[in-house]
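The structure appears right after this line, and notes come after that.
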Amino acid sequence: MYLYLYSFITFFLMTCKPAEESVIYPTTPTVEKTITVITAAERIALYHPLLQNKKVALVVNQTSIVRESHLVDTLLKLGVNIRVIFAPEHGFRGKADAGEVIDDTKDTKTGLSIISIYGKKKKPSSEDLKDVDIVVFDIQDVG
């Protein structure tokens, strides 16, 4: 009986078509597909209409770059009404050291108010948001 079963299994295994080797173990180099991620910073035309005629707040830092320009500068050139900037650790322009307490200030380049969310408070207050319709969060180096 065992001899019969052994013979049957042997015959079955010998007649089965083996899996394609190239599927299991590729013998030719594979070409990896290049995936291009298009960030929101590169798609301003899509979200710019959402910011028109709105009072905008930005949560940004030194990594908030659109091509060669800071997001704040780009949006101002497009006529977006930026009311306030909320700055996390390292500050809006990235000049503060790690862990350094950052005070509220004004940006010397744009004159916009900068409210620290890495100093005495860790998030905007109701008072900070009272004159804001929409908040844009763009920190590209969250680590």
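The residue that is farthest from LEU76 (Cα to Cα), counting only those in segment 107-134 that are free of Cβ contacts under 8 Å to residues at least 40 places away in the same chain and open to solvent by less than 30 Å² (accessible area, probe 1.4 Å), is GLY119. For segment 83-93, the criterion of a residue being open to solvent by 40 Å² or more (accessible area, probe 1.4 Å), assigned to a loop (DSSP other than H, G, I, E, B), charged (D, E, K, R) and at pLDDT 80 or above is satisfied by no position. Would you check which residues across segment 94-109 are within 23 Å of the chain's Cα centre (by Cα) and either hydrophobic (A, V, I, L, M, F, W, C) or at pLDDT 85 or above (or both) and list them? Answer for segment 94-109, where residues must be within 23 Å of the chain's Cα centre (by Cα) and either hydrophobic (A, V, I, L, M, F, W, C) or at pLDDT 85 or above (or both): ALA96, ALA98. For PHE137, the requirement of being under 19 Å from the mean Cα position of the chain (by Cα), at pLDDT 85 or above and open to solvent by 30 Å² or more (accessible area, probe 1.4 Å) is met. In the set (1) under 26 Å from ALA45 (Cα atoms); (2) at pLDDT below 90; (3) of a type in the set (Phe, Trp, Tyr), the condition left unmet by TYR118 is number (1).
The values are calculated or read from the model by the stated rules, or taken from the named source; none is laboratory data. All figures in this text were calculated on a predicted structure; none of them were measured in a lab. Virtual Cβ from ideal backbone geometry, glycine too; neighbours counted across all protein chains shown. Surface areas here come from the heavy atoms of the whole protein model, side chains and all, with no ligands, DNA or RNA. Shrake-Rupley method; radii C 1.70, N 1.55, O 1.52, S 1.80 Å.
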